[in-house]
Amino acid sequence: MALGGVFFFIGIVAFVRILGKRTTGQMNNFDWIITVTVGALAASGILSRDISFADAVLGIVVLGLMQYATTLLVLRGGMVSKLAEASPTLLLHKGRVLEDAMRRTRISPEELRGALRQKGITRFEDANWVILETNGVLSVITKCDMTIDEAETLADVRAPDELPGPR
């Protein structure tokens, strides 16, 4: 068991180095699932007498190859991109809370207020936009004289067709 632990530790460190920083950075849902599954396979390979080292290693390698292939397909866009990655979601627009988006994403008003406070914002109207990113982080963009259509970095943000007030 100790030898298996050493082997899997070295193997997973190599696995992470090969797959790159994406594997351990701020993870989206897809990255998190891969990470948990690799951990479960490694634990099974170390602790379970029913699963051989080779089977656990094969499972980890297959997952690594699938993650690599999926990220390449996501970069190309299209259907795989839509299935594998969530879109960032607009939660506050020009100081107005988007209640439907808050409900759909299960973000509480307290979480929204906390994100604003972290940026030193004390009133909703002092924020242009708050976006729930694909990794679960709330991005806050302070008040500026710009429409959402003019903000290049918000091009992929999921926003309702009808926004309150000026776009």
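The values are calculated or read from the model by the stated rules, or taken from the named source; none is laboratory data. Keep in mind that what you see is a predicted model, and the values were worked out from it rather than measured. Backbone-built Cβ (ideal geometry, glycine too); neighbour counts: all protein chains shown. Accessible surface is based on the protein model in full, side chains and every heavy atom, while ligands, DNA and RNA are left aside. Shrake-Rupley method; radii C 1.70, N 1.55, O 1.52, S 1.80 Å.
From its DSSP helices (H runs of at least four residues, each -39,500 (n - 2.57)), the chain gives a residue-normalised ellipticity at 222 nm of -16000 deg cm²/dmol.
Distances between placed amide hydrogens fall under 5 Å for LYS94 paired with TRP129, all partners being 5 or more residues away or on another chain.
Per-residue extension of 0.36 nm, minus the Cα-Cα distance of THR153 and ARG103, leaves a gain of 15.6 nm for this segment. Once both axes come from the Cα atoms, what is the angle between helix 53-76 and the longest principal axis of the chain, in degrees from 0 to 90, rounded to 10? Roughly 30 degrees, rounded to the nearest 10. Atom-type composition of the exposed protein surface of the chain places 60 percent of the accessible area on carbon and sulfur (1.4 angstrom probe).
Taking 0.36 nm per residue of separation and subtracting the current Cα-Cα distance, fully stretching the chain between VAL62 and LEU3 would add 19.0 nm.
With r as the distance between the Cβ atoms of VAL80 and ASP50 and R0 = 45 Å, compute the FRET efficiency 1/(1 + (r/R0)^6) and round to 0.05. Kindly include the intermediate steps, with their values, before the conclusion.
Details: r = 34 Å, r/R0 = 0.75.
Step by step, r from the Cβ atoms, then E = 0.85.
Across the chain, the relative contact order, built from alpha-carbon pairs under 8 Å that are at least six residues apart, equals 19 percent. When the Cα gyration tensor is reduced to axis lengths a ≥ b ≥ c, the ratio a/c is 1.5 or higher for the chain, and with a/b above b/c it is classed as prolate. Remark: the chain carries 66 Å² of accessible area per residue (probe radius 1.4 Å; ligands, DNA and RNA excluded). Rounding to the nearest 10 and keeping the result within 0 to 90°, find how far the Cα-based axis of helix 29-47 lies from the longest principal axis of the chain. So the inclination is approximately 20 degrees.
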